[in-house]
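Below is one structure, written out as structure tokens; the observations come after it.
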Amino acid sequence: MNPIELSFEFFPPKTQEGVEKLRATRAQLAPLKPKFVSVTFGAGGSTQQGTLDTVLDIAKDGIEAAPHLSCIGSSKESLRAILNRYRESGIRHIVALRGDLPSGMGEVGELRYASELVSFIRNETGDWFRIEVAAYPEYHPQSRSPRKDMENFAHKVKAGANSAITQYFYNADAYFRFVDDVRKLGVDVPIVPGIMPITNFSQLTRFSEMCGAEIPRWVARRLESFGDDREAIRAFGLDVVTDLCRRLVDAGVPGLHFYTLNAATASKAICERLGL
Ligand code: FAD
């Protein structure tokens with residue numbers, strides 16, 4: 001039994017080849033005995049069927065699978081229909097998010113914030129689901145202020161979340177400070193760090209600009225200096241992210257949630273180095 005709980009995040013594959021690749025990834029990660037795995041959901045329901053199909057495929061292997069569900073751009077009726085399908089399929093764990101509207105997509109939908117989605121799920125389904133929500137140690141990019149963001153987070157947890165998973169970060173102190181501060185606001189649920197392995201600098205830069213996660217200057221400069229040398233990027237990334245995880249584990253975090261991007265190698269190597 002691992003002292004800390006591991007979870008892995010996947011996205012729903014769009015092709016049969018992607019489905020096979022994800023099965024292979026899951027088989028490689030299975031020996032790490034994840035507590036659960038989660039499957040992302042496109043805002044406005046764009047990957048609705050893919051998320052359900054992927055979750056059901058995973059559940060067949062006896063692994064607990066939690067679909068993500070975002071509310072932006074969706075009606076209550078469509079969210080209710082999705083929740084009912086999950087219930088009928090025996091799914092009891094869900095990651096509740098606001099989501100981001102793809103640019104050009106107009107309608108916000110009936111629920112504006114993840115806290116409203118959490119309340120909606122609790123009203124509709126009682127205690128059927130274990131609900132995870134998102135947390136931002138470096139603050140959500142659209143938040144009015146860090147303080148407001150933490151208050152909104154606390155409000156979202158109090159609406160009925162059981163646990164939180166953070167956006168990825170490379171500054172452990174941001175996580176520690178965030179956890180201390182939201183505890184003072186009455187948040188008592190586990191806050192599991194989200195971990196993004198580093199394997200591709202340009203992709204990481206793109207993601208980080210979108211989600212507001214900082215790549216520390218010294219890390220960015222080193223990664224940039226490797227140019228197209230993917231092996232050097234991977235090796236350095238493995239060192240940096242393993243050190244981050246070691247600090248987090250030593251500090252007693254409840255778990256680690258890996259953003260795998262449907263690839264096993266980097267997440268597995270980090271866990272093995274940590275002896276998990
Ligand atoms: P919220 O908690 O609603 O917060 C969004 C913003 O609104 C914040 O700035 C917050 O401070 C503010 N806010 C909240 N309540 C109020 C209020 N009452 N008044 C004023 N402001 C308020 N996206 C997807 O589309 N699909 C996914 O599968 C997905 N998975 C994710 C998994 C994790 C672990 C994480 C960390 C993020 C994920 N995202 C996903 C991205 C997420 O949808 C975006 O970060 C989105 O911009 C915010 O979602 P949220 O649930 O955190 O929103």
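The values are calculated or read from the model by the stated rules, or taken from the named source; none is laboratory data. Predicted model only: the values in this text are computed from it and were never measured. Because the Cβ atoms are built from the backbone with ideal geometry, glycine has one as well, and the counts that use them run over all protein chains shown. Each accessible area value is taken on the protein alone, full model and side chains, heavy atoms only, with ligands, DNA and RNA left out. Shrake-Rupley method; radii C 1.70, N 1.55, O 1.52, S 1.80 Å.
Residues with beta-carbon under 11 Å from that of residue 119, excluding residue 119: net charge, scoring Lys, Arg +1 and Asp, Glu -1?
Details: positive: 122, 156, 158; negative: 116, 124.
Spelling it out: positives minus negatives among the neighbours equals +1.
Ranking 9, 88 by solvent-accessible area of protein heavy atoms (1.4 Å probe, all protein chains present), from largest to smallest, gives 88, 9. Basic side chains Lys and Arg get +1 at the Cβ, acidic Asp and Glu get -1 at the Cβ, and with that the dipole of the stretch 5-273 about its Cα centre reaches some 300 debye. Here the stretch 1-111 exposes an accessible surface that is 51 percent carbon and sulfur, computed with a 1.4 Å probe and the other protein chains kept in place. Counting only protein chain heavy atoms and rolling a 1.4 Å probe, the accessible areas of 226, 178 rank, largest first, as 226, 178. Comparing 12, 49, 93 along the charge dipole axis of the chain, the residue lying farthest to the positive side is 93, per the Cβ-charge model.
What is the distance in Å between the Cα centres of the stretch 72-127 and the stretch 1-69? When both Cα centres are located, 19 Å separates them. Taking Cβ atoms as reference points and 15 Å as the exclusive limit, the residues near residue 47 contribute a net charge of -2, counting Lys and Arg as +1 and Asp and Glu as -1. When both the stretch 143-171 and the stretch 242-258 are represented by their alpha-carbon centers, they are found 19 Å apart. For the stretch 117-221, the alpha carbon positions stretch 48, 26, 23 Å along the principal axes, listed from largest to smallest.
Average accessible surface for the stretch 143-276: 48 Å² per residue, computed with a 1.4 Å probe over protein heavy atoms with every protein chain in place. Of the cross-linked pairs 33/268; 35/268; 35/60; 76/148; 156/268; 33/60, those separated by over 22 Å at the C-alpha level are 76/148; 156/268.
Under 5 Å between amide hydrogens, built in the peptide plane, is the criterion, and for residue 36 it picks out 8 among residues at least 5 positions away or on other chains.
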